[in-house]
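Notes for the one structure printed next.
Every number here is computed from the coordinates shown, using simple stated rules; none is lab data. Nothing here was measured: the structure is a model prediction, and the numbers come from that model. Positions of Cβ are backbone-derived with ideal geometry, glycine not excepted, and every protein chain shown enters the neighbour counts.
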């Protein structure tokens, strides 16, 4: 019995020695690995945790740890130096997802930061039937304050936070009109629905379709409008992509498949360099086409124009576009927040990067005056005063 016990103990000792050697080797490998040590992710996380602790211990003012973390997350993604990648809080994610369905919670205004030094936020568009329209807000107005909180010198995200509230509640806005007068208006927060297209038959049987975005439902709306105009006798089309910010690749591809003959209509290149190609079928629309773009035609809007031209289906009228060539996806985080991150590049069928090209250069460059640009943004630019649309019609009629 005694001899057997000694033999069993020896086996245990040998096993423990082997285990210790394996752990030591693993530890040494981990320490020498580039993912561990003073520059490791673990070390950086510890450093950030220490920063929060030191702020809490030493800062004389109020300390909001969540606000600091949110700004840190934004800065982390901004450090990628990719203008299309950004961090979103859970509330911003919900807003983004609603917008992708042509629905969002708000008051019905589109705004932009006009002067980065002074920080004026100007209204550039109003949703038809929204509370902003009911309140009398018009494109060109500058929002000075919300509920007596200044809106000068803040970001658009800050403005969105000021306007966020339960459905049915109102906000008091101080507005400066373009003539310099200042007015107070009251707007109600609620659901805002956006029609993705507008269309009509112009003279000489020219079908006109303006596509505001490529968000959910835009393809179906576009195809229905095009078929309606074809049945009404359309002899050609003007597709207005001005100020279209893009949207879903699937929606854009469905429209291109409807318009174009068989061929490659979208080439996506992943991180490994692998091409993922979307092809159209043999059905197509055999009518002359012109696409109008401007400096605010982003992403899918400028790609749409470029691919129709590469198929020799359309000429392009307007202004140089932005030059975007990256596809984004939303990656959610455990906290409910998310990152909108560029994960692939896209190319035209001729393997052209719109970013490398600096955007799309129109075949016929026509630039709106400042006054015409403001009227176009408001939806008040008449055909007789719209040189870009007039040129597009001339190209179709004169050939």
- Could you put 324, 391 in order, starting from the residue whose Cβ has the fewest other Cβ atoms within 10 Å? 391, 324
- In degrees, nearest 10, range 0 to 90: what is the angle between the Cα axis of helix 2-32 and the longest Cα principal axis of the chain? 40 degrees
- Item | Residues 110, 348, 53, sorted so that the one with the fewest Cβ neighbours within 10 Å comes first | 53, 110, 348
- Note on the structure: Using alpha-carbon positions, the gyration tensor of region 197-398 gives root eigenvalues a ≥ b ≥ c; with a/c under 1.5 called rounded, otherwise prolate if a/b exceeds b/c, else oblate, the class is prolate
- Per-residue ellipticity at 222 nm attributable to helices in the chain (runs of n ≥ 4 DSSP H, -39500 (n - 2.57) apiece, nearest 500 deg cm²/dmol) works out to -11500 deg cm²/dmol
- Based on DSSP, what percent of beta bridges with both residues in the chain are antiparallel, to the nearest 5? 75 percent
- Note on the structure: Reviewing [x] 16; [y] 11; [z] 30, the figure for percent of Cα pairs over 41 Å apart actually calculated from this model sits under [z]
- Query: Ranked from highest to lowest mean number of other Cβ atoms within 10 Å per residue, what is the order of the peptides 136-148, 374-386?
  - Reply: 136-148, 374-386
- Ranked output for segments 95-104, 269-278, 56-65 by mean other Cβ atoms within 10 Å, highest leading, reads 95-104, 269-278, 56-65
- Once normalised by the length of region 104-193, the mean sequence separation of its alpha carbon contacts under 8 Å that are 6 or more apart gives a contact order in percent of 32 percent
- Note on the structure: So the angle from the long Cα axis of helix 90-99 to the longest Cα principal axis of the chain, reported in degrees to the nearest 10, equals 30 degrees
- Item | Nearest 10 degrees, 0 to 90: helix 218-231 Cα axis against the chain principal axis | 20 degrees
- Query: Measuring from centroid to centroid over Cα atoms, what is the spacing of region 130-168 and region 287-361 in Å?
  - Reply: 30 Å
- Order of 283, 120 under a 10 Å beta carbon neighbour criterion, fewest first: 283, 120
